[in-house]
Amino acid sequence: MDDEATSPLTIDLVDRQLRLTRQATDWLTSAIARVLAPLALGGELRIAVVAAPEMARTHEEYCEVPGTTDVLTFDCSEPTDGPVTTLDVDIVVCIDEAQRQATARHHTPERELLLYVVHGVLHCLGYDDHDEEAAAAMHRREDELLELAGIGTTFARAPDGGHP
C-alpha cells in the first residue's frame, strides 16, 4: 500500500489578513479535520484566508473572472484513475465573503469558511456545481459531512438561521 495514501491529512491554515483570532483559527483547523475525517484522506491541504481585494486579484488571474468569490481551489494532485485518497490542494477562501454570508445565515464567519473548505475539497473528489442537479448533490454532501462532525447543516440554512 502507498505510504502517502495512508499518511494523515496535514492541514496548514494561514490567515493572511490576521482577521481571525487564534481561537477561531484553532477551531477552524480542528473542525476541518473532523469534517474531512470520514473521507479518510491523506496528503496536504493548504488554506489561505484572504480579504476581498486579494481574492478578486486571484480570481481574475487564475479564472479570468473579474470580482471576488468565496473559494478558489487549486488541485495540485497527479491525476488518478481510481478514487482520490491523497490530497495536494491549495484552497483560497475569502473572509469578507464569509462574513457577509455568515451574517445572512446567522452563524459565525469561521463556520462559513469551513463550508468553503469542504466545498473545495469536494471539488477535488470529483463533485461539481456547474448545473443545478450536480450543485444540489454537492451541497447535500457538504451538509452531510458537517452534520456528521456535529457542526450541523450550514449550506442549506435559510437566511433567518433556520432550515428552508
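Quick rundown of the values:
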{"read-out": "Potential extension, Thr80-Leu18 segment - 0.36 nm per residue separation minus Cα distance", "value": "18.7 nm"}
{"read-out": "Residue-count net charge about Asp12 - beta-carbon cut-off 14 Å; Lys, Arg +1, Asp, Glu -1", "value": "-3"}
{"read-out": "Packing rank of 119-129, 68-78, where each peptide gets the mean count of other beta carbons within 10 Å, highest leading", "value": "119-129, 68-78"}
{"read-out": "Under 5 Å, built H, 5+ apart or other chain: amide partners of Gly42", "value": "Thr86, Leu87"}
{"read-out": "Simple Cβ-charge dipole of the chain, Lys/Arg +1 and Asp/Glu -1, about Cα centre, in debye nearest 20", "value": "880 debye"}
{"read-out": "Cα gyration tensor shape for the stretch 3-148, rounded if a/c is under 1.5, else prolate or oblate", "value": "rounded"}
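Each reported figure results from applying straightforward, stated rules to the coordinates on display, with no laboratory input. Keep in mind it's a predicted model, so treat the numbers as computed, not measured. With ideal geometry, Cβ positions are generated from the backbone for all residues, glycine too; neighbour counts draw on all protein chains shown.
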